[in-house]
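To start, the structure itself, in structure tokens.
The values are calculated or read from the model by the stated rules, or taken from the named source; none is laboratory data. All values reported here derive from a predicted model rather than from experimental measurement. Using ideal geometry, Cβ is built from the backbone for each residue, glycine included, and neighbour counts are taken over all protein chains shown.
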Amino acid sequence: MNHQEFVEAYKNGTLNAFMPPATAENYLKQRLWLPLFTLPVLGAGVGLVLIGWFITGIIVFLLGYFVPRMIKRNAVNILMYQALHDANVYVDLREAGVLEVYE
């Protein structure tokens with residue numbers, strides 16, 4: 001199934017696609033390099049608290065903690081949206097085995 005057929009099947013409501021949440025989460029985590037985002041932001045939050053910027057430090061720390069978890073939780077929705085709007089992402093997801101489409 002090519003990308004155009006995939007989009008048409010989605011619009012018609014006849015799409016039989018499956019994306020395992022754990023696989024989608026791992027794929028998106030690797031693609032966005034979430035650990036490289038999380039650790040410096042958490043460290044910056046702790047550093048801000050230690051130098052006396054308590055509220056700002058807590059906010060930065062909480063952002064560094066919750067944003068990656070929200071991204072992981074919504075990984076299937078994020079990747080499905082990208083697959084519907086970009087043919088290259090659709091091909092990448094199919095080749096990586098993240099998106100399984102049944103015809």
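Observations
- Residues within segment 1-45 that are farther than 16 Å from Leu79 by Cα, of a type in the set (S, T, N, Q) and in a helix (DSSP H, G or I), tallied: 3
- So Thr14, is it modelled with pLDDT under 95, polar (S, T, N, Q) and in contact with a helix residue (DSSP H, G or I) (Cβ under 7 Å, 6 or more places away or on another chain): no
- Segment 84-100, residues that are touching a residue at least 24 places away in the same chain (Cβ under 8 Å) and surrounded by fewer than 17 Cβ atoms within 10 Å (Cβ to Cβ): Leu84, Ala87, Val91, Ala96, Gly97, Glu100
- Leading residue by the ranking (surrounded by the fewest Cβ atoms within 10 Å (Cβ to Cβ)) among those in segment 15-56 that are among the polar types (S, T, N, Q) and over 21 Å from Val89 (Cβ atoms): Thr56
- Only one of Leu63, Leu79, Leu48 that is in a helix (DSSP H, G or I), closer than 30 Å to Glu103 by Cβ and touching a residue at least 12 places away in the same chain (Cβ under 8 Å): Leu79
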